[in-house]
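Okay, structure first, notes after.
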Amino acid sequence: MKILIVDDDPDVVEAITLSFGLQWPDARIVGAKDGRAALAAVAREAPDVVLLDIALPDIDGFEVLRRIRERSDVPVLMISARGEEIDKVRGLELGADDYVTKPFGYLELSARIKAVMRRAQALPPVSGEGQFEAGPIAVNYATHQVAVGGKPVKLTPIEYKLLYQLTRSAGQVLLHDQLLTKIWGPEYLGELDYLRIYIRRLREKLEQNPQQPVYILTERGIGYRFDPSPQVADSALVKA
Amino acid sequence: MKLTRVRTTQHGLNLALAPLSRRVRSARSDFFKEDAALSVDGLDAGIRTLAFAMVLVLSLLGYGKSGPSYLGVSVDPALIALGLVVYNVLVIALLGVPWRKRPGFGLFLLDWLVVSAAILFAGGFFSPFLILYYALIIGAALRVGLSRSLLLVGGCAVVYAALSTSRPTPADAIHLPVLAVGITSLLMVAVTAVAMKRAVEVEGHKVELEEQTAGQLRLLNNLTRVVLSGSPDLEGVMRTVAAVSSRAFQAESGMAVLFEPGKSLDEHDEPAGESGYLIVTDQDPNPQRLSQYEVRLAERAVRTQAPVLVEDVLRDSGSERNSGFPGLEREGQGVRTVACVPFLLGGEVIGVLFVGRYTQQPFGEADLGLLTAIGQQMTVAVRLGRLYEMQRERASRSEEREQLERDLLSMVSHELRTPLTSIKTCVGALESIESVAQTANNHGSTETKLLHNIGRSTDRLIVLVNELLDMARLRAGRVSLSLQQLNMGEVLLEIAAQVKPLLDARGQTLALDLPVTGSPRWDTLAVMADRRRIEQVLLNLLSNANKYTPPGGNVTLGATPKDGQVRVFVRDDGPGIAPDDQERIFEKYYQVNSPTSAADIRPDGSGLGLAIARSIVELHGGQIGVQSRLGRGSTFFFALPSEGEGVG
């Protein structure tokens, strides 16, 4: 396994490198002290996971993340001394897989890395029912293929898992914490930002009008619900 | 035509008019001045016109009839009219000739001569032109005093008596009683006219005084309004004071000066801009400095702490003409009369007001009252201005300080976080090595103990930094809640599981006081809340209970619905909190320094935990509080708005 650590503080890079070396002797750890070096390392080393600090001397961490996402789906954990809500949301929206606030413990960080990698790889088990259809949306549980109006749509693993949970319980309300526990893990209870961002991405990929969704519905303050047969004689639906 | 004459000779009658008109000119009301002049001249003209008309009528009635009678006018009315015309033309022509000293008196004399001649030639004793004497006497009496009027009456009486005995009237036709009645009535007319004039004057003076008082009150009122408007612009207030005072006293110049504190008056003849004191006048927008004379006047006012009045600047010893009052050199004029009023603040003169007149017209007792009142208003303005300035400075300083504190907190916290990350990571890694070694040795080595110590201290430091940052963010309003529907019972069960090891370590028991899971009562524990933030509050309350309750103590965690709210409480049987402390423990940085604290309790937190808890609860629209008695334990509680029943 190859881990890229991007942080301008060499002590942090060294501490993480040494401690990971202890836990995962077979892991290779690459350090980068600024944004340019980080982008070069992503291209050159093709790491399995990236730990990315926001405050970098040359390019802003968010910008680095945006450029990484232009060409790679590698799991990225933002690590930042800024614990502001807005930074977290921005990082997640730009495609970060997780956001850890400094100072974090060594155990916490390794747990997070494992979780991120697990989420990025594992997909839900193949279901016996095989196929789900609602209007133009079609989900093939066996192949993990999703299509809208016959055209295939590419979903990330987390997006797929979220859609899987929603469609498997179509018509029922799924509570925030239920979804968070099932997709991210029990340590993410209450982290509504994660859920909100992925729901929005799903809507953008599946709904005709993401601002006025008819399939993936919000139950304010409670959770989300997939409506398999919306009672909307809307032109949007007719067109779809 | 007589009317015309009277009007054109208005200036000519200056002798009689002068005393009144001077007084009138000094009156504050221009309106009254016009009115008074019109009443005297108008009355005079009216009486003359009336007299003239009566003479003409009488001459018409008497003309052509023979024999001695009261109407025995032997002159043709046409000739009489012609004579009057000629006379008036003559008078108008004579106006061009400069009368030397007493033009009014000269004209009166002329009038008198003409009337006397008319009497002489138109019947003597029987002449109806006597009536013109009345008009003359009234006209004079309206302008001069009683004694002069009586003198005139005496003169007229003598002349009339003499004329009566002259031709063409035969001596035996003269009735002495009739003559006496004629002369007496002249006297009565004179006295009545003088009395009337006096009455008009007194009334006019009264009106004048009232107008003056009302005007002063109005000015003072306006000034008070300006002063109390709380305008921080002291210079503007001074400008108003200068302008208002010069207007109030019909003075040409007003000037307000504020001394520079802690500086002697001698130094105030420096240019104002450099020396820091303040001059404002109603004339010169940029007065430069005080003159030597003005400084001396101000010194006198400072010494006596009372207004200084100078009747005549020229006679005031050592003064130089035009030495003061910027901008008053025009037209060779300068200030003749000055009032200098001190502004007294707490027994100290902080400035002065100068009011100056070009004319030598002294300030009187009545003026002194208004001057003093204006000075007091100015003092109030200065005091208010200073208070305002102080307040503003204080406010901006405290705001600056708070901003600095927030910036510092934020900066320090951020800068601490990165090195703490290294320490924590390293300690974690080392502990994992040590734990392997420890398991092998089966007892803690010194190194392990030291390492654990570093680990604990690091954790405490991290908590501190996080609390500081949290507090800064909460106070700046930068914390937004992620509200979701929660069942407080479920949250409490999870938290209890989390903190149990902590309490176990101190031999404390943790009891839960909750409704039966899934029961209708359980469902009433639903709230809308930010799970992470509420957990933060609960952890803080529980860690306090853990810290301050002696080993072996009991802690109870529970929730009940109450009055549309869900009330969550953490109860312990620790030492309790003194009433004074109870009020303050939710303030930031406050720490209880209780002697009853157990020896192993030390206030190692930031003192922010409860302040943060309060902010979070209040952000949810809830309340937080404590009930405690010394030696009987404490119950911390918070209440959040309930999300209704049966929803879960």
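The values are calculated or read from the model by the stated rules, or taken from the named source; none is laboratory data. Keep in mind that what you see is a predicted model, and the values were worked out from it rather than measured. When we count neighbours, we look across all protein chains shown, and the Cβ atoms used for this are built from the backbone with ideal geometry, even at glycine. The protein model used for the area step is the full one, side chains on, heavy atoms only, and it has no ligands, DNA or RNA in it. Shrake-Rupley method; radii C 1.70, N 1.55, O 1.52, S 1.80 Å.
A few remarks follow.
- With a 1.4 Å probe rolled over the protein heavy atoms of all chains, the accessible area of B:343, B:108 falls in the order B:108, B:343, largest first.
- Amide H contacts under 5 Å for residue B:343: B:350, B:351, B:352, B:353, restricted to partners 5 or more places along the chain or on a different chain, H placed in the peptide plane at 1.01 Å from N.
- Average beta carbon contacts from partner chains per residue of B:475-484, 10 Å cutoff: 3
- Averaged over peptide B:512-524, the number of partner chain Cβ atoms lying within 10 Å of each residue's Cβ comes to 0.
- Above-threshold pairs, the threshold being 27 Å between Cα atoms, out of A:88/A:151; A:102/A:205; A:88/A:182; B:424/B:547: A:88/A:151; A:102/A:205
- Ranking A:184, A:24 from most to least accessible surface, computed with a 1.4 Å probe over the protein chains only, gives A:24, A:184.
- Computed over neighbours whose Cβ is under 9 Å from that of residue B:554, the net charge equals -1, Lys and Arg +1, Asp and Glu -1.
- Between the range B:417-432 and the range B:332-355, the alpha-carbon center distance in angstrom: 77
- Alpha carbon centroid spacing (whole Å) that separates the range B:551-573 from the range A:39-92: 44
- Each of A:154, A:182 has its accessible area taken with a 1.4 Å probe; listed largest first, they run A:154, A:182.
- Computed helical MRE - 222 nm, chain A, DSSP H runs ≥ 4 contributing -39500 (n - 2.57), nearest 500: -13000 deg cm²/dmol
- Rotationally averaged projected area of chain A (alpha carbon convex hull; nm²): 13.8
- The H on the amide N of residue B:484, modeled in the peptide plane, is under 5 Å from the matching H of B:529, B:530, B:531, each at least 5 residues off or on a different chain.
- Using alpha carbons only: equivalent-ellipsoid semi-axes of the range A:7-118, gyration tensor based, whole Å: 19, 16, 14
- Residue by residue along B:426-432, Cβ atoms of other protein chains within 10 Å of the local Cβ number 6 on average.
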